[in-house]
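Please read the structure below before turning to the comments.
FYI, it's all coordinate maths here, none of it is from the lab. Computed from a prediction, not measured in an experiment: that's the story for all the values here. Heads up, the Cβs are rebuilt from the backbone with ideal geometry, glycines too, and the neighbour counts pull from every protein chain shown.
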Amino acid sequence: MNVVGVRTLFRKEIRRFFRVPGQTILQPLVTTTLYFVVFGYTLGGRQAEVDGVPYLQFIVPGLVFLGLANNAFLNSSSSLFIMKIQGTMVDLLVAPMGPLELLLGFTAGAMARGILVGLLTWAVALAFTGLHAVDVARTVLFLMLSSYVFSVLGLLAGLWAEKFEQVNVFPTFLMLPLTFLGGVFYSVASLPEPLRTVSLFNPIVHMVDGLRGGMLDRPAGSPTGLVLLLALAAGSTAWAWRLLKVGYKLKS
Amino acid sequence: MAAPVLVLEQVVKQYPGLRALDGVSLAIAPGEIFALLGPNGAGKTTLIGAACGLVRKTSGRVSVLGVDLDVDPVRPRYDVGLVPQEINFDPFFTARETLEIQLGYFGRSKDAARVDELLAALSLSAKADVPTRALSGGMKRRLLIAKALVHRPRLVFLDEPTAGVDVELRRDLWGYVRRLRAQGTTVVLTTHYLEEAEELADRVGIIDHGRLLVVEEKGALMQRLGERHLEVKFREPVAALPAGPATAGTLSADGRGFSFHERRGTAQAAEVLAGLFAAGLPVGDVTMAPASLEDVLLRVLASEREAQAAGGAR
C-alpha cells in the first residue's frame, strides 16, 4: 500500500478546492443558506412545526445533507474528470497507485469538502435556530457515510463522463430531484397515499431521515437509512474499485 | 549480460479496426539508450503505453525490472518514469508544487534538494513558484521531463521529449540524458528528430504498422544500411566517366555534376574520387554528406512497404 501516495493525492485534492474557495465552499454555502432563508424563514416557517419539531430546525439536516452530498459528489467527479481532460491523469496512472490508493485518495479529498460544506451550513443554520441537543455519534456516522457514498458515486461519474455536460447529469437529473423529493423540506409521513409509499423508494428519504434523527437527537426510528447507506457504500466501492483496476475510460 | 530491464514478448494490441501492436518482442538492457523510431501511428506510443500500464495489451507478456505486469502491475512503477507525448499540466499548482506532488505519488517523502536540482537542471528555477499555466510551451515540456525524473527512476520512457523545445535547450537535454545513462538509468526514447536518436541512442528499433522491423546497435545499423553521399561539381562539362570505380556513380545530363552513394558492398567514396582525379577531370567542388539515420529509416520503411505490396500482389 502506497501510504505516501494516498496522502499526497488527498492533500492535493484539498489544496485544489481551497484554491477556488468561492466556487467550492462559499457558493454552495450561499445556496444552501438561501434555501434556509426562503423555505424556512420567509415562507412562514417560523410558526410551523413538523413532527413535533420547529420547521426551521426540521429542514436543517436536509440542507446539511444537500450541501454535503452535492459537494462530495462534485469534488471527486470534477477532479477526476478534469484530470482526464487535462491529461494529468497519466501522472497517477504511471505512479505506483493501485485502485485502492486512487479510491482512498479521491474519496478522502471529496469527503473533506462535503463535510466542510455540511458543517458550515449547519453552523449558519445554528445562528437561526439556536443550539439544541445532538446525538453526536449518530450524526458523525451519517455525515461520514453519506459523504463517503457520494464521493464514490462522484468518482464513478468522473470515470464515466467524457464531456463536461455528462459530469452534471447525475447532480442535475438524479440527485437534485431525489433530494428535493426526499423530505428535505417536508415530512414524508405527512404526504397523502400513494405519494407517501412511492417516496419510501427514494433512498435519500431514508438518508435524510437518519441524519435528522442524529442532528435533532430524535429517537432512532427505522434503520433503513443506515442499511441503505451501508449497502450503497459497499456496492459503489466494489464497482469503483473494479473500474479503477481495469482502467475503465482511463487506459486505452 | 545483465538481466534486461524491459522485456516484451509477442505483445499484441488490437483496437477495433486497428492492430496497433502486432506481436512485438523486445528486450532492453540496463543502462542503454534505446531509440524507437517510426512514422506517425506506427505504434511507438502504444508500445510505451503497454510497458507503462497506460495501454491494456490484448495478448503477450510485458515484464518491467524483472516483474511480470500481469502478476504485479504496480510494484515496478516505483522505478519507472514517463515523459508523455502530450503536454499536461495542472493549472492549480506551481512547477515546484507539481514536482513535490509527483514525488509523493511515487511514495517518496519531501525532498527539496532533489526538486531544486531538477528545476535547475531543466532551467526552470526562475519559474519554480509560478503557476504552471503561466509557463511557455517549452517550459511545460521541460516540467514534464522533471516530473518523470523526480523520483530517480531506473527506467525512463521519453515519448517525444524535445518536441517544441528550442535547439539550445534540446542540446542541454541531450547532455542531461547522457548524464542519466552515466548514472545507470535506462532510457527508451521516441523522437521525430532523428538527429536526436543519432546523437543519443546505443540501439535503434524501427517500428511500422505495429511490427518491429529492425532492432540493431546504431553503429552497426548505420554501417549496414547507411549511405554516404558524394557530390562533385565540374568546372566544365564532362563527356563521359572514366573506367574504374567512378562508373558506380552518375553523371548529370549536363555533364557538370557527379553523384555517388556509398553503401555497404559498393566502392569507397575515396576510391571513386581518386578515379575522377586520376582521369584528370576538372573537379571544381566536392561535398560529402555522412550517412544519416533518416536515410536508414526511410530505406527500412520503403523496403517493408515494397515487401508488403509484393505480398499483396501475390
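Summary table below
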item: Over chain A, equivalent-ellipsoid semi-axes from the Cα gyration tensor in Å; result: 33, 18, 16
item: Summed residue charge, Cβ within 12 Å of B:Ala269's Cβ, Lys/Arg positive, Asp/Glu negative; result: -2
item: Among A:Ala123, A:Gln23, B:Ala309 the positive-end extreme of the charge dipole of the protein assembly as shown (Cβ point charges); result: A:Ala123
item: Inverse mean reciprocal Cα-Cα distance (Kirkwood Rh) of the range A:62-104, Å; result: 11.8
item: Under the span-like rule (Cα at least 15 Å along the axis, Kyte-Doolittle mean at least -1.0), DSSP H helices of chain A; result: A:3-19, A:55-86, A:99-129, A:136-160, A:203-215, A:224-246
item: Candidate lysines - alpha carbon under 26 Å from B:Lys218, same-chain residues fewer than 8 apart omitted; result: B:Lys44
item: Cβ-based charge dipole, chain B, positive-most Cα from B:Pro76, B:Gly244, B:Thr186; result: B:Pro76
item: Debye intensity ratio in log₁₀ form over the Cα atoms of the range B:147-249, taken at each q of 0.15, 0.17 Å⁻¹; result: -0.77, -0.89
item: Total charge dipole magnitude, chain A, about the Cα centre, Cβ charges on Lys, Arg, Asp, Glu only, Debye to nearest 20; result: 780
item: Neighbourhood charge, 11 Å Cβ-Cβ cut-off, centred on B:Asp79 and excluding it, Lys, Arg +1 and Asp, Glu -1; result: +4
item: Charged-residue dipole, Cβ positions (Lys, Arg, Asp, Glu), the protein assembly as shown about Cα centre, Debye nearest 20; result: 900
item: More than 21 Å apart - percent of Cα-Cα pairs taken over the range A:130-252; result: 48
item: Cα-Cα separations in the range B:227-289 greater than 19 Å, expressed as whole percent; result: 18
item: For the range A:1-103, alpha-carbon Rg relative to the globular expectation (2.2 N^0.38 Å, N residues); result: 1.49
item: Rg in Å to one decimal, and Dmax rounded to a whole Å, for the range B:54-146 via C-alpha atoms; result: 15.5, 46
item: Farthest toward positive dipole pole in the protein assembly as shown [+1 Lys/Arg, -1 Asp/Glu at C-beta], among B:Ala50, A:Tyr248, A:Val4; result: A:Val4
item: Debye equation applied to the C-alpha atoms of the range A:107-202, log10 I(q)/I(0) at 0.16, 0.19, 0.20, 0.24 Å⁻¹; result: -0.93, -1.16, -1.20, -1.27
item: In Hz, Karplus ³J(HN,Hα) per residue of the range B:240-249 (6.51, -1.76, 1.60; θ = phi - 60°; x = Gly, Pro); result: 8, 7, x, 5, x, x, 4, 5, 6, x
item: Enclosed volume per residue, in Å³, of the convex hull spanned by Cα atoms of the protein assembly as shown; result: 209
item: Count of Lys pairs (Cα-Cα under 20 Å; at least 8 positions apart or interchain) in chain A; result: 7
item: Cα gyration tensor category, rounded, prolate or oblate, for chain B with a/c compared to 1.5; result: prolate
item: Where trypsin sites (Lys or Arg not before Pro) fall in DSSP loop in the range B:66-150, at most 13 other Cβ within 10 Å; result: B:Lys110
item: Solution diffusion estimate, µm²/s, Stokes-Einstein, the range B:187-314, Kirkwood Rh from C-alpha pairs, 25 °C, viscosity 0.890 mPa s; result: 146
item: Degrees, to the nearest 10: B:269-278 long Cα axis against longest axis of chain B; result: 20
item: 5 angstrom amide H check on B:Glu227, placed H, neighbours 5+ away; result: B:Ser292
item: Average partner coverage of A:78-90, which counts Cβ from other chains inside 10 Å; result: 3
